[in-house]
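Only one structure is covered here, and it is reproduced in the block below.
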Amino acid sequence: MDSSILSFPDRGPWGNSSYRGNCSGHVYRELFQALKPRSFCDPMMGSGTSVEVAEEMGISAHGLDLRLGFNAVSDSILAAIGHHVDLTLSHPPYGAMIRYSGSCWGTEPHPDDLSWCESEEAFHEKLQMVLLNQREATLAGGHYGTIIGDRRYDGRYVSYQAEAIARMPSDELVAVLIKCQHNVQSSRKAYAAMRLPRIAHEYVLIWQKRQRQTFELLKCLAVQAGGRLRDTWRAIVHMCLVQLGGHASLVDIYEAVRAAADDRCASNRHWQAKVRQILNQSHDWFEPTDRGVWKLKRSGVVPGGKVRHAA
Ligand SMILES: C[S@@+](CC[C@H](N)C(=O)[O-])C[C@H]1O[C@@H](n2cnc3c(N)ncnc32)[C@H](O)[C@@H]1O
């Protein structure tokens, strides 16, 4: 693999080209050639493209799917296949473009079918559960990943791949590849009026599993989430100080923060203490110039309140 962009207009002979949402077998071939797994599992094999490619390459392969009675959200992949593997790779359905249970197969929608999630939030949460399930079935040092796209509808853009990356251990992420999409059945008419281009790619996200106990994994994800929350508070306080000219009293900062982050303030009774904590602990960003008066460290504000302007 010499590029991070995968583009295969021809899907090859593997799997079934009439199975909705099927993937080109060449994508799996490239990934197997690069990662060299000896054992592999696809917990959402669909028509079996990945498994056929793997078997042809002499890789011991396991294919599971909700269609075959295996639920990747709630059933253990490790228990289903009986041993850890070098690589687990899923290709989940996302959004409501293609519904699987009750439509492509079966008579009723299945509550854990990822193509039937009741909200985007529910999808993000279930995909994280699937990825942690995949990770559990992967040997330490092996790889786990997913092939996923983003979606634009009702004037909004939902980035499934960004959420997946944010919810998994950041020190295990090893690759984000772009997979060009060919022959997708999307209505060109629906896109005709849009100023922004139609989405013509998916992502292949790959993580490499580190040796960690479950409690260490939880700690790692909690630290990651906590760090992001702290950074968000800092970014809000920073933005308010920028708007206040880079130099303001605590009272003015409180007022600006309350106006900017009303929801956050409403859900945190101690938000003023949080603002003071952020100011006091972020020495790289904020410095006091007087009692209860703060300035941005790197703004153009000079002591005395004047703002430097470019000549
Ligand atoms: C995009 S298709 C995979 C296509 C496959 N890569 C191919 O080339 O044929 C997604 C598959 O995920 C399955 N699926 C949806 N929710 C699932 C779940 N909770 N557990 C396991 N499989 C699920 C669907 O039945 C469907 O076959």
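The values are calculated or read from the model by the stated rules, or taken from the named source; none is laboratory data. Small disclaimer: the values here were computed from a predicted structure and weren't measured. Every residue, glycine as well, gets a Cβ built from its backbone with ideal geometry; the counts of neighbours run over all protein chains shown. Ligands, DNA and RNA are stripped out before the accessible areas are found, and what is left, the full protein with its side chains, is counted by its heavy atoms. Shrake-Rupley method; radii C 1.70, N 1.55, O 1.52, S 1.80 Å.
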Answer yes or no: is there a residue in region 134-142 that is within 12 Å of the ligand (Cβ to nearest atom) and crowded, with 23+ Cβ neighbours inside 10 Å.
-> yes
Report, ordered by the first and then the second residue, all pairs with beta carbons closer than 6 Å, sequence separation of six or more or different chains, a first member in region 252-275 that is part of a loop (DSSP other than H, G, I, E, B), and a second member that is open to solvent by less than 50 Å² (accessible area, probe 1.4 Å).
-> ALA261/ILE236
Output yes when any residue across region 2-13 is under 21 Å from GLU202 (Cβ atoms) and crowded, with 22+ Cβ neighbours inside 10 Å, and no when none is.
-> no
Is one or more of the residues making up region 123-146 small (Gly, Ala, Ser) and closer than 26 Å to ARG198 by Cβ?
-> yes
Checklist (1) surrounded by 15 or more Cβ atoms within 10 Å (Cβ to Cβ); (2) under 22 Å from the mean Cα position of the chain (by Cα); (3) free of Cβ contacts under 8 Å to residues at least 40 places away in the same chain applied to ALA96, failing item = (1)
(1) in contact with a Leu (Cβ under 6 Å, 6 or more places away or on another chain); (2) closer than 22 Å to LYS126 by Cβ all hold for SER4 apart from (2)
Within region 105-142, which residues are touching a helix residue (DSSP H, G or I) at 6+ places or on another chain (Cβ under 7 Å) and assigned to a strand (DSSP E or B)?
-> TRP105
For region 155-169, pairs from a residue that is among the hydrophobic types (A, V, I, L, M, F, W, C) to a residue that is at pLDDT 95 or above and part of a loop (DSSP other than H, G, I, E, B), with Cβ under 9 Å and 6 or more apart or across chains, are VAL158/ASP150; ALA162/ASP150
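Of everything in region 58-87, what is open to solvent by 50 Å² or more (accessible area, probe 1.4 Å) and more than 10 Å from the ligand (Cβ to nearest atom)? Give them in sequence order.
Within region 58-87, the first condition is being open to solvent by 50 Å² or more (accessible area, probe 1.4 Å), and the residues that meet it are 58, 60, 67-69, 74-76, 79-80, 82-84.
Matches in region 58-87: GLY58, SER60, SER76, ALA79, ALA80, GLY82, HIS83, HIS84.
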Got a number for residues in region 242-259 being open to solvent by less than 50 Å² (accessible area, probe 1.4 Å) and within 31 Å of the chain's Cα centre (by Cα)?
-> 1
